[in-house]
Amino acid sequence: MTNNDRKQFATELTDVLAVYGREASKGVLRVYWEALKHYDLSAVTEALSRHTQNPDNGQFAPKPADLIKLMGGTSNDRALIAWAKVSRAIGAVGGHSSIVFDDALIHAVIHDMGGWPAICRYPESELKFVAREFENRYRTYLFHRPQNYPPKLVGIAEMGNVQAGFPIDPPLTVGKTDACRLVFKGGFEKCSAPTALANTCKLITGGSHAA
């Protein structure tokens with residue numbers, strides 16, 4: 001979410017808490033906002049609705065952790081899903097091309113592990129160990145959000161083109177294109193290809209490419 005979503009977020013949460021007889025004070029709204037601001041407003045709204053209809057614990061006011069679980073499952077589930085995206089991209093793209101995922105935490109973890117080409121260079125026999133390290137780091141970031149992350153994971157081709165002064169191709173995207181744009185926009189590095197996520201960017205869904 002962005003600060004522009006804050007008013008609607010407060011309205012949605014206030015309405016739901018009122019159903020449970022809870023007051024949404026400024027302090028309460030701030031706590032929920034800090035815990036949930038990394039998620040899309042539409043996902044938070046859907047989670048609030050699903051919680052009120054949950055026959056198991058919907059009789060209690062939703063805590064931030066309840067909503068996070070509804071939006072993405074447990075931390076183990078989310079780490080496994082994230083690695084599955086990375087694993088597919090390793091096979092479909094490899095380390096030659098630059099890439100943008102629809103999950104900023106993937107960027108942060110891969111950056112910490114040496115970058116995109118480094119991840120792609122591991123032999124298949126070692127990927128299970130790479131996956132374990134990735135998932136552990138990803139789970140840590142779920143609870144301790146990184147302060148920054150690279151807007152894109154730079155591939156070998158872009159590294160060479162930057163050094164030689166050649167044009168840079170747009171990065172490929174993995175996942176939802178709109179979410180990829182948000183990840184790209186929120187990165188901490190200045191991008192050398194400002195139109196990289198224009199409508200002409202290439203999209204990867206699973207192992208297929210589409211212009």
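The values are calculated or read from the model by the stated rules, or taken from the named source; none is laboratory data. These numbers were taken from a predicted model, which means no experiment stands behind them. We place every Cβ from the backbone using ideal geometry, glycine too, and count neighbours over all the protein chains shown.
Points to keep in mind about this one:
- Hits in the stretch 147-167 - residues which are assigned to a loop (DSSP other than H, G, I, E, B) and surrounded by fewer than 16 Cβ atoms within 10 Å (Cβ to Cβ): Q147, N148, G165, F166, P167
- Members of the stretch 135-146 found to be more than 13 Å from H111 (Cα to Cα) and part of a loop (DSSP other than H, G, I, E, B), listed by number: H144, R145
Table: residues versus (1) within 17 Å of C180 (Cβ to Cβ); (2) among the acidic types (D, E); (3) at pLDDT 95 or above.
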position: I119; (1), (2), (3): no, no, yes
position: R139; (1), (2), (3): no, no, no
position: H144; (1), (2), (3): no, no, no
position: Y149; (1), (2), (3): yes, no, no
position: A164; (1), (2), (3): no, no, no
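- Number of residues in the stretch 108-128 that are under 14 Å from V86 (Cα atoms) and either in a helix (DSSP H, G or I) or not assigned by TED's automatic domain parsing to the domain that holds C180 (or both): the value is 12.
- Index of the failed condition, V100 passing every other in (1) aliphatic (A, V, I, L, M); (2) in contact with a Cys (Cβ under 8 Å, 6 or more places away or on another chain); (3) surrounded by fewer than 17 Cβ atoms within 10 Å (Cβ to Cβ): (3)
- Some residue of the stretch 6-16 being under 24 Å from Y141 (Cβ atoms) and surrounded by 12 or more Cβ atoms within 10 Å (Cβ to Cβ): yes
- Residues of the stretch 62-79 satisfying the condition of being in contact (Cβ under 8 Å) with a residue 40 or more places away in the chain and exposed (fewer than 15 other Cβ atoms within 10 Å of the Cβ): N76
- Residues of the stretch 154-188 satisfying the condition of being small (G, A, S) and without any contact (Cβ under 8 Å) to a residue 60 or more places away in the chain: G160, A164, G165
- Filter pass, V86 being hydrophobic (A, V, I, L, M, F, W, C), touching a residue at least 24 places away in the same chain (Cβ under 8 Å), under 21 Å from F188 (Cβ atoms) and part of a helix (DSSP H, G or I): yes
- Any hit, the stretch 35-53, residues being over 22 Å from T2 (Cβ atoms) and touching a Ser or Thr at 6+ places or on another chain (Cβ under 9 Å): no
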